[in-house]
Amino acid sequence: MMKKIAPSILSADFSRLGEEIRAVEKAGADWIHIDVMDGHFVPNITIGPPVVASLRKATTLPFDVHLMIETPDKYIKAFADAGSDVITVHAEAAVHLHRTVGFIREAGAKAGVTINPATPLVTIEPILPDCDLLLLMSVNPGFGGQKFIRSSLEKIREARKLIDRIAPAVLLEVDGGVTLDNIQSIAGAGADVMVAGAAVFGSGDYTETIKVMKEKIRG
């Protein structure tokens, strides 16, 4: 499978999100990563389903929607109806994770599960065969532009082994502190999808940045 770059709009210019999404699509992005924060599960507030629905008109790229929220079950259908292709929930926030994953599927989206840096992989092992995607946070969620936690590389390697052993169809995604300097190591450790926010939107040239990223992850 070709490895993918998913720019996170958390680092985009919020006054012109539609233009920013079209710009990274033109620059070669594979997915659009959308961080949804509620001010409870994480100390920040971002956007809700109406914004996702409005952005859906800007592109045909898959929307990779990461719910960093409490009680995600209440909002899954709304985000799916808004045009989310993948909906990812935190294992730490979902009280009944199998049920939540089922709700995502029933709503018509692909189901992702994510864990924070300090949460062990064993937490999601029982649910992995029921998922389409596993997202590993390589920073503590809540803010863009944070530095990659070095110990995450070993966790990515272990996750790759776990997926290959029990759920080979599951995509492994990594989110947090992905840069031009470390993206090759992250891909080499086994990640399929690299979320990059500040590294893309903070660069002067989206096309060149994504081009270099793709060269590094395929090298």
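Here, each number is a calculation from the coordinates, and none is a lab measurement. All values derive from a computational prediction rather than experimental measurement. Heads up, the Cβs are rebuilt from the backbone with ideal geometry, glycines too, and the neighbour counts pull from every protein chain shown.
Points to keep in mind about this one:
- Taking amide H as placed 1.01 Å from N in the peptide plane, H90 has its amide H under 5 Å from the amide H of I69, T114, each at least 5 places away in sequence or on another chain.
- Globularity index of the chain, i.e. its alpha-carbon radius of gyration over 2.2 N^0.38 Å: 0.92
- Calculated mean residue ellipticity, 222 nm, the chain: -9000 deg cm²/dmol, from DSSP H runs (n ≥ 4) at -39500 (n - 2.57) each, averaged per residue and rounded to 500.
- Label-point gap, in nm, between L180 and T207 - each point 7 angstrom along Cα→Cβ: 1.6 nm
- Mean Cβ count within 10 Å, highest first, over the residues of peptides 184-197, 156-169: 184-197, 156-169
- In summary, the helical segments of the chain meeting the span-like criteria, namely a full DSSP H run, a Cα extent along the axis of 20 angstrom or more and a mean Kyte-Doolittle hydropathy of at least -1.0, are 152-166.
- Antiparallel %, DSSP beta bridges [both residues in the range 4-218], to 5: 5 percent
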